[in-house]
1. On average, how much accessible surface per residue is there in the range 88-234, in Å², for a 1.4 Å probe, leaving out ligands, DNA and RNA?
2. List the pair-distance distribution P(r) of the range 129-274, using every Cα-Cα distance, as the percent of pairs falling in each 5 Å bin from 0 up to the bin containing the longest distance, rounded to whole percents.
3. Just to confirm a number: summing +1 for Lys and Arg and -1 for Asp and Glu over residues other than residue 61 whose beta-carbon lies under 15 angstrom from that of residue 61, what do you get?
4. Between residue 151 and residue 220, take the C-beta separation as r, use R0 = 51 Å, and let me know the FRET efficiency to the nearest 0.05.
5. Could you tell me the calculated FRET efficiency between residue 343 and residue 251, based on Cβ-Cβ distance and R0 = 35 angstrom, to the nearest 0.05?
6. What do the square roots of 5 times the Cα gyration tensor eigenvalues come to for the range 9-134, in whole Å, largest first, as semi-axes of the equivalent ellipsoid?
7. Filter 64/199; 152/242; 179/291 down to the pairs with a C-alpha to C-alpha distance above 32 Å, please.
8. With a 1.4 Å probe and all protein chains in place, put 301, 211, 351 in order of accessible area, largest first.
Amino acid sequence: MHASVSLAAEIRGHGQNLVTEDVTVVEGDVATISCRVKNSDDSVIQLLNPNRQTIYFRDFRPLKDSRFQLVNFSNSELRVSLTNVSISDEGRYFCQLYTDPPQEIYTTITVLVPPRNLVIDIEKETAVEGEEIELNCTAMASRPATTIRWFKGNKELKGKSEVERWSDMYTVTSQLLLKVGREDDGVPVICLVDHPAVKDLQTQRYLEVMYKPQVRVSQNYPLQGLTREGEPLELTCTAFGKPQPTDMRWLRVDDEMPQHVVVSGSNLLISNLNKTDNGTYRCEASNAVGKSHADYMLFVYDTTATTEPAVHDSRAGEDGAIRSVDHAVVGGVVAVVVFAMLCLLIILGRYFARHKGTYFTHEAKGADDAADADTAIINAEGGQNNSEEKKEYFI
């Protein structure tokens, strides 16, 4: 890794400029120090270490440290390399120019130290779904302090870091609390380091999560169509878990298993269906973590039935509850609704008929009380002239 440099300062005097740059280098790499002169008048250049011992005087090296090597010497530059840099080499190095008055400038060497070790400690080698586990990632002996990032697969997670300082070195520990599920089994948890001295430094641990079985019941025969009287039925139960389920059994919910039912491992066979076979058949599976089940609801149709077949939905869960949707039941519900609507129409019809308007006319009221026909006619004619005797009623 090459050292990086940044401009430190320029000192101007008597028409000359003395220039150098700060140097940042990774421990063990090479640092290059450059003392440059602008508008040189052949004045002597020398380089001194932080203890102000002369490293190079012109192109001569009085210091016995052979790690310092001359890279370039001229009237305008003295360039020296320092190999296998260590923390003890950190500090100020002085460039001097023997002019009247003398000129001096310093450059600072900063040494970066990458983490010595990157380790993940996990609270439990094997976790159970739903548990919260603790992981700790430690980056030891770095300079400056390391920034630690966590990832589960491609998703970044947030941890909590603590920094300890030992002399000039830093140890960083980051804690991650993670609630695991069955989907986390086999997923890598990655501890990644952000540090100027190193790139792409990371370590990882794969999660091992145990979980109860996932159970599913599938219908092998008939593949499609109705389950009719006299025909066979074959069901298969599949279960996956960690550890793999070791105990699997069939039972009939709320009733005894018919004697003619044949159970062979994960398969259930009824060779000759009849209506007494109606009911819910359950497959249970268990492992060291727990037990789960899946249900199959059987409805046996007449041999002449032509309605749509029942749809059996097999699902697994903690309770393993499986519900079936029977199209025949749906048809019954529709029939009840239609009957209710017809009854409502009949009631409404009777109501409106009972409240129909009635018209009464009393024009010949006097004729009803007459002793003979002539008197009746006279009374009727008289009634026509009397407006109070003629009334109309609307109800």
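1. Normalised by residue count, the accessible surface of the range 88-234 is 54 Å².
2. 2, 8, 13, 13, 10, 7, 7, 6, 6, 6, 6, 5, 4, 3, 2, 1, 0, 0
3. So the environment of residue 61 carries a net charge of +2.
4. My answer for the efficiency is 0.75.
5. After rounding to 0.05, the efficiency reads 0.20.
6. Gyration-tensor ellipsoid for the range 9-134: 46, 15, 10 Å.
7. As for pairs spanning more than 32 Å Cα to Cα, those are 64/199.
8. In descending accessible area the options line up as 351, 211, 301.
The values are calculated or read from the model by the stated rules, or taken from the named source; none is laboratory data. This one's a predicted model, so the numbers in the text were calculated from it and none came from an experiment. When we count neighbours, we look across all protein chains shown, and the Cβ atoms used for this are built from the backbone with ideal geometry, even at glycine. These accessible areas exclude ligands, DNA and RNA; they are computed on the full protein's heavy atoms, side chains included. Shrake-Rupley method; radii C 1.70, N 1.55, O 1.52, S 1.80 Å.
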